[in-house]
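Sharing a structure, written as structure tokens. Questions coming.
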Amino acid sequence: MDAIQNLLMGFAVALTPQNLLFAFLGSVLGTVIGVLPGIGPVAGVAMLIPLTFQMNPTGAIIMLTALFYGTQYGGTITSVLLNVPGEAASAITCIEGYEMAKQGRGGAALAIAAIGSFVGGTIATFALVLAAGPLTRMALEFGPVEFFALIVLGLSLLMGLAGKSMIKALMMGIFGLLLAMVGMDPVRGLPRFTFGRMELMDGIGFVPVIMGLFGLAEILGNAEKQFGQVFAAKMSSLIPTPKDIRDSIGPILRGSAIGTLLGLVPGMTGSASSFLSYIAERKVSNHPERFGTGLIEGVAGPETANNAHANGALIPLFTLGIPASPTVAVIMGAFMMHGLIPGPFLFKEHPDVAWGTIASFYVGNVILLILNLPLVGIWVKILKIPYGLLFGIILAFMVVGAYSVSNSAFDVLVMTLFGLIGYLLRKLDFPLAPVVLTLILGPLMERSLRTSLEMSQGDMGIFLESPIAIVLLALAAFFLIAPAFRFFRRGKGALSGDEEA
Amino acid sequence: MKRVYQTAGLCFVGLSAFVVWESWTLEYYTNLGPGPGFFPLWLGVVMGALSLAWFVQVSGRKGGPDDVAILPERAGILRILSTLAALAAMAGLMNLFGFQLAMFLLLVFLLKVLGRQALWVTLVVALLGSVGVYHLFGAYLDVPLPAAAVKLLANLGL
């Protein structure tokens, strides 16, 4: 009952005119970012963080989270109408969605996808409401030893699943940790790797790094080809037939369960959820041979799953303080920039922020349903803007975003440098998701490791004295070693991928 | 193309060696426990081992990466380098010329030269993106963007 009371208190916060406006703005921007090829949710959220500095923390987090799950809605539009996934998590939707569009049923596919996304997001948020109490109580028992083990487990899961090569994923994880080492040592307060530059005393800003690695690198990748592509999509009636609705109920429910559960697992991406949902639908179908010809089940399941995943991925952040995906890691960074530490203490110390944001997920999903059903034509029109114009505008926003983090032109240079690094790493097929997570978790990881070792006066045995830490570390070792065995590797290619979300 | 991967592997080995070297100059252990050099030193060592392992892996591989065309065409490389150079110039000039002029020039370059947009479109977007954004951010979002350090430009309101 506590959870319901807290949620009602959260609605009182989320439904203020100001917070409604922020949820609306986040939803609109998320849909736009989802629709536009070439800018994903990670760079999108990072780019908007500086604009939230003058906002109150609740409004800022409400806007950024709405933007995050809004991208999942927007990504569907291009997948269905153009066969171009706006977001990686919507890639699988192209198979059935685009076939439906070719048959003149694109509008129905989008309508079912929006309804499924709404149901999936709502169910995952309800799971967060239920999980918040027990998980935060458990997390409050954690000391630095258990917290360190938990971070190690989260990172090992991510690296075990990111990309095709474990070595590359580990290298990228350590690369992120090394970037996090720049600046003041979090325990002693001594400068490290600053090379005498004042700009580096506070560390390398994660906003310019992420905008470079994810946003600018993507733009540079597109710059390889001549600009000028203009998409033209045709829309049909948005009203699904009664048969479409009947055929979608099962996939939407299954997709909600798959997305919510996989969203909890660090390293599991939104595309893993949508892919598994698609596979599940083909398995339970009475006519699996018809998949690939434009079946609504192949749109309803995956689109529900990826949105449930986006909302489900916020559960570990809110309850344990551990981000499960790169975009959630960026949102965690936004929390910290507003002086808030996500995790169990957030519910104790800032219940208005925690429950207000959770309640806003329901509000945001309703807004997105409205935005995506009657207004879908507007989003399609955005695709008609020539890329040669769009890329300049996006770059200008990136410059402003990078500069305004700390009013420093140095950050624009950092973004430019990491854009080049990100472009080269993509070319070499390195996964970038581990960099984001370790960059943000690095200082917390180091602090918990060093505090643990100070408690034991340097004895590593302290990690074997806590049963919770033993279990977490054993699981971490398992997930790191498992891919070495062919058995576990089978099918991993389909689940992995260095995509965003 | 194998050489591209090997070069990248060596770059990572070099980075690891640099990190280990730098960490060595920091305190590894104190009376209270691990010092500032403890974590980066071990990270550098592990990174070095992984980089070497990857270098050996790509060196011994037949096919695979060799078959992948990594480098874009000459025109693509030029567009990428121009974009990076324009952004670096923006970073260098925004404090000197002020945000408005620097952003106007950046947008004109990006839209007209790289994006090949019509002149009127370029000018309208560049004006909105420079003068418009400067005033919008300063007046409504309380995010001050830099004014020109050059007196003549500052007197012109840039």
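Can residue A:432 be described as more than 9 Å from chain B (Cβ to nearest Cβ) and either more than 24 Å from the chain's Cα centre (by Cα) or buried (at least 18 other Cβ atoms within 10 Å of the Cβ) (or both)?
Yes; evaluated as a whole, the condition is true for this residue.
Right, next: Looking at the range A:1-72, what helices (runs of 4 or more DSSP H) fall wholly within it and have at least 3 residues that are buried (at least 24 other Cβ atoms within 10 Å of the Cβ) and at pLDDT 85 or above?
Once the helices (runs of 4 or more DSSP H) in the range A:1-72 are filtered for at least 3 residues that are buried (at least 24 other Cβ atoms within 10 Å of the Cβ) and at pLDDT 85 or above, what remains is A:17-35, A:41-48.
Can you say whether residue A:461 is more than 10 Å from chain B (Cβ to nearest Cβ) and surrounded by fewer than 18 Cβ atoms within 10 Å (Cβ to Cβ), as far as the supplied structure shows?
Yes.
Taking the condition modelled with pLDDT of 90 or more and assigned to a helix (DSSP H, G or I), does residue A:257 pass?
yes
Scan the range A:335-373 for residues that are in contact (Cβ under 8 Å) with a residue 24 or more places away in the chain and either in a loop (DSSP other than H, G, I, E, B) or among the polar types (S, T, N, Q) (or both) and report the count.
Result for the range A:335-373: 11.
Right, next: In this structure, does residue B:116 turn out to be facing chain A (nearest Cβ under 7 Å), under 18 Å from residue A:386 (Cβ atoms) and outside any helix (DSSP H, G or I)?
Working: facing chain A (nearest Cβ under 7 Å): yes; under 18 Å from residue A:386 (Cβ atoms): yes; outside any helix (DSSP H, G or I): yes.
Against the criterion (facing chain A (nearest Cβ under 7 Å), under 18 Å from residue A:386 (Cβ atoms) and outside any helix (DSSP H, G or I)), residue B:116 qualifies.
Right, another one. Give the number of residues within the range B:66-88 that are surrounded by 13 or more Cβ atoms within 10 Å (Cβ to Cβ), at pLDDT below 90, within 8 Å of another protein chain (Cβ to nearest Cβ) and in a helix (DSSP H, G or I).
Residues in the range B:66-88 being surrounded by 13 or more Cβ atoms within 10 Å (Cβ to Cβ), at pLDDT below 90, within 8 Å of another protein chain (Cβ to nearest Cβ) and in a helix (DSSP H, G or I): 1 in total.
Is it the case that some residue within the range B:122-135 is touching a residue at least 12 places away in the same chain (Cβ under 8 Å), surrounded by 17 or more Cβ atoms within 10 Å (Cβ to Cβ) and under 21 Å from the mean Cα position of the chain (by Cα)?
no
Could we say that residue A:436 is at pLDDT 90 or above and part of a helix (DSSP H, G or I) here?
Numbers: at pLDDT 90 or above: no; part of a helix (DSSP H, G or I): yes.
So residue A:436 does not fit the description; no.
Now a separate question. Considering the range A:404-413 alone, what residues qualify as being more than 9 Å from chain B (Cβ to nearest Cβ) and either within 26 Å of the chain's Cα centre (by Cα) or at pLDDT below 90 (or both)?
Residues satisfying the conditions are A:405, A:406.
Kindly indicate which of A:125, A:58, A:71, A:76 is in contact with a Phe, Trp or Tyr (Cβ under 7 Å, 6 or more places away or on another chain) and in contact (Cβ under 8 Å) with a residue 12 or more places away in the chain.
A:125
Could you grab me the full set of residues in the range A:282-308 that are out of contact with any Lys or Arg (no Cβ under 8 Å at 6 or more places or on another chain), surrounded by fewer than 24 Cβ atoms within 10 Å (Cβ to Cβ) and assigned to a helix (DSSP H, G or I)?
Residues satisfying the conditions are A:282, A:283, A:289, A:290.
Quick check on the range A:188-209. Is at least one of its residues more than 22 Å from the chain's Cα centre (by Cα), touching a residue at least 24 places away in the same chain (Cβ under 8 Å), closer than 22 Å to residue A:144 by Cβ and in a helix (DSSP H, G or I)?
No, the range A:188-209 has no match at all.
Moving on to the next point. Going through the range B:108-157 one residue at a time, which ones are modelled with pLDDT under 80 and either of a type in the set (D, E, K, R) or in contact with a Phe, Trp or Tyr (Cβ under 8 Å, 6 or more places away or on another chain) (or both)?
Those that are modelled with pLDDT under 80 and either of a type in the set (D, E, K, R) or in contact with a Phe, Trp or Tyr (Cβ under 8 Å, 6 or more places away or on another chain) (or both): B:142, B:143.
So which residues in the range A:316-367 are more than 25 Å from residue A:401 (Cβ to Cβ), surrounded by 24 or more Cβ atoms within 10 Å (Cβ to Cβ) and either in contact with a strand residue (DSSP E or B) (Cβ under 7 Å, 6 or more places away or on another chain) or among the hydroxyl-bearing types (Ser, Thr, Tyr) (or both)?
Result: A:319, single match.
Please specify each residue of the range A:374-389 satisfying the condition of being farther than 24 Å from residue B:79 by Cα and at the interface with chain B (Cβ under 9 Å from one of its Cβ atoms).
none
Return the residues of the range A:237-274 that are touching an Asp or Glu at 6+ places or on another chain (Cβ under 8 Å) and either among the charged types (D, E, K, R) or surrounded by 24 or more Cβ atoms within 10 Å (Cβ to Cβ) (or both); say none if nothing qualifies.
A:247, A:248, A:251, A:254, A:255, A:269, A:270, A:271, A:274
Only one of (1) facing chain A (nearest Cβ under 7 Å); (2) touching a residue at least 60 places away in the same chain (Cβ under 8 Å); (3) more than 30 Å from residue A:193 (Cβ to Cβ) is not met by residue B:5, so which one is it?
(3)
Out of the residues in the range A:183-207 that are within 20 Å of residue B:24 (Cα to Cα), of a type in the set (A, V, I, L, M) and surrounded by 15 or more Cβ atoms within 10 Å (Cβ to Cβ), state the one that is farthest from the other protein chains (Cβ to nearest Cβ).
Per the stated criteria, the residue is A:200.
Please find, among A:392, A:401, A:422, the residue that is at the interface with chain B (Cβ under 8 Å from one of its Cβ atoms), surrounded by 23 or more Cβ atoms within 10 Å (Cβ to Cβ) and modelled with pLDDT of 85 or more.
A:392
Can you spot a residue in the range B:2-13 that is of a type in the set (Ser, Thr, Tyr), in a helix (DSSP H, G or I) and exposed (fewer than 15 other Cβ atoms within 10 Å of the Cβ)? Steps first, please.
Step one: list which residues in the range B:2-13 are of a type in the set (Ser, Thr, Tyr), which gives B:5, B:7.
If we keep only those that are in a helix (DSSP H, G or I) too, we end up with B:5, B:7.
Subsequent filtering for residues that are exposed (fewer than 15 other Cβ atoms within 10 Å of the Cβ) retains B:7.
There is at least one residue in the range B:2-13 that is of a type in the set (Ser, Thr, Tyr), in a helix (DSSP H, G or I) and exposed (fewer than 15 other Cβ atoms within 10 Å of the Cβ).
Can you tell me which residues in the range A:263-291 are under 17 Å from the mean Cα position of the chain (by Cα) and under 23 Å from residue A:77 (Cβ atoms)? Please lay out each step first, then the result.
So in the range A:263-291, the residues under 17 Å from the mean Cα position of the chain (by Cα) come out as A:263-275.
Within the range A:263-291, A:263, A:269, A:270, A:271, A:272, A:273, A:274, A:275 qualify.
Hey, another quick one. Please state which one of A:168, A:164 is of a type outside the set (Gly, Ala, Ser) and assigned to a loop (DSSP other than H, G, I, E, B). Write out each step before concluding.
Numbers: A:168 fails: assigned to a loop (DSSP other than H, G, I, E, B).
Matching residue, one of A:168, A:164: A:164.
Something else about it: Look at the range B:20-34 and say how many of its residues are of a type outside the set (Ser, Thr, Tyr) and either part of a helix (DSSP H, G or I) or more than 7 Å from chain A (Cβ to nearest Cβ) (or both).
Qualifying residue count, the range B:20-34: 6.
The values are calculated or read from the model by the stated rules, or taken from the named source; none is laboratory data. A quick note: this is a predicted structure, and the numbers were derived from the prediction, not measured. Glycine gets a Cβ as well: all are built from the backbone with ideal geometry, and neighbour counts include every protein chain shown.
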